[in-house]
Amino acid sequence: MKKIGYYLGAAFMAASLSSVSATAVQAQQLEMSYNVGVTSDYVWRGYSQTSEGPAAQGGIDAVYGMFYAGVWGSNLDFKDNPDGSSTADWEVDLVAGIKPKLGMFEFDLGLIYYMYPGASDAGGEYNFLELKAGVGTSFDKLSVGATVYYSPETYAQAGSTWVYEGTAEYALPMDFAVSGTIGRYTYDDTPASDYTYWNVGLSKSFGDHWSIDGRYWDTNVDSNITDSRFVGSVNFSF
């Protein structure tokens, strides 16, 4: 009976170890990362989202092969109410998609759902969905990319929109990098609202976790929250 118990125990331990090994292999395939940061001004496509004030931000990302998903959040300050108070204080974005590779090109096909918890939605529904299709490649120290975004009903129910964006980054010595973005935001129903935005900046990485970024933003829109500005950011990822 002791031998039977021993064999049964050994078989159970072997099965358990096998299960743990299989789980470990699966865990290695699923990669999780986390990020937190602060910025002097949360600028999104040329518009300050914090009325030119600072923001604390953070997110969680999961990658499984070419599939990815994540959630990201930031504080806001939309001063849309007649009394100057904010109509939205928070933003939470849900992202998901795939990044297949073909030769030297990596594609990015996905969606982004922008949510504004607790928003008053005074000017229409704030939450909206965007679909995106992008492609990028690298040449030694230079990385370039292009992305198209489409929303069937954008922020505050302003109709369908298209965004065309190009990016470039060049790696410099000592873990510095210079990068820039140029984009065009277009509205199908109100073409007069179309505008162009751009930025250029210098970033520095400190090991695998810390990074800082200094960036100049500008647009061709004349307003307090779209004028030229310098934005500084500090980020920690793990």
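The values are calculated or read from the model by the stated rules, or taken from the named source; none is laboratory data. Since the structure is predicted, the reported quantities are computational estimates derived from the model, not experimental observations. Neighbour counts run over all protein chains shown; Cβ positions are idealised from the backbone, glycine included.
Mind listing just one residue for me: the one in segment 141-179 that is of a type in the set (A, V, I, L, M, F, W, C) and either in contact with a Cys (Cβ under 7 Å, 6 or more places away or on another chain) or closer than 11 Å to LEU131 by Cα (or both) and, of those, surrounded by the fewest Cβ atoms within 10 Å (Cβ to Cβ)?
VAL148
If a residue has to be within 17 Å of GLY46 (Cα to Cα), of a type in the set (Val, Ile, Thr) and in contact (Cβ under 8 Å) with a residue 24 or more places away in the chain to count, how many in segment 176-213 make the cut?
2
Would you mind finding the one in SER138, SER143 that is touching a Ser or Thr at 6+ places or on another chain (Cβ under 9 Å), farther than 16 Å from THR196 by Cβ, in a strand (DSSP E or B) and among the hydroxyl-bearing types (Ser, Thr, Tyr)?
Result: SER143 is the single residue among SER138, SER143 that is touching a Ser or Thr at 6+ places or on another chain (Cβ under 9 Å), farther than 16 Å from THR196 by Cβ, in a strand (DSSP E or B) and among the hydroxyl-bearing types (Ser, Thr, Tyr).
State which residue is nearest to ASN224 (Cα to Cα) when the search covers only segment 80-107 and only residues that are surrounded by fewer than 15 Cβ atoms within 10 Å (Cβ to Cβ) and among the aromatic types (Phe, Trp, Tyr).
That would be TRP90.
Residues that are within 16 Å of the chain's Cα centre (by Cα), at pLDDT 95 or above, in a loop (DSSP other than H, G, I, E, B) and within 24 Å of ILE112 (Cβ to Cβ): does segment 46-56 have at least one?
Yes, the conditions are met somewhere in segment 46-56.
Kindly list, by first and then second residue, each pair from a residue in segment 153-169 that is assigned to a loop (DSSP other than H, G, I, E, B) to a residue that is charged (D, E, K, R) and modelled with pLDDT of 95 or more, limited to pairs with Cβ atoms under 9 Å and residues at least 6 apart or on different chains.
What qualifies is THR154/GLU130; ALA158/ASP189; GLY159/GLU153; GLY159/ASP188; GLY159/ASP189; SER160/GLU153; SER160/ASP188; SER160/ASP189.
Take TYR197 and tell me if it is among the aromatic types (Phe, Trp, Tyr) and either within 18 Å of SER48 (Cα to Cα) or out of contact with any strand residue (DSSP E or B) (no Cβ under 6 Å at 6 or more places or on another chain) (or both).
Taking the combined requirement at face value, the residue satisfies it.
Within segment 186-221, can you find the residues that are of a type in the set (Ser, Thr, Tyr) and within 18 Å of PRO173 (Cα to Cα)?
The answer is SER203, SER205, SER211.
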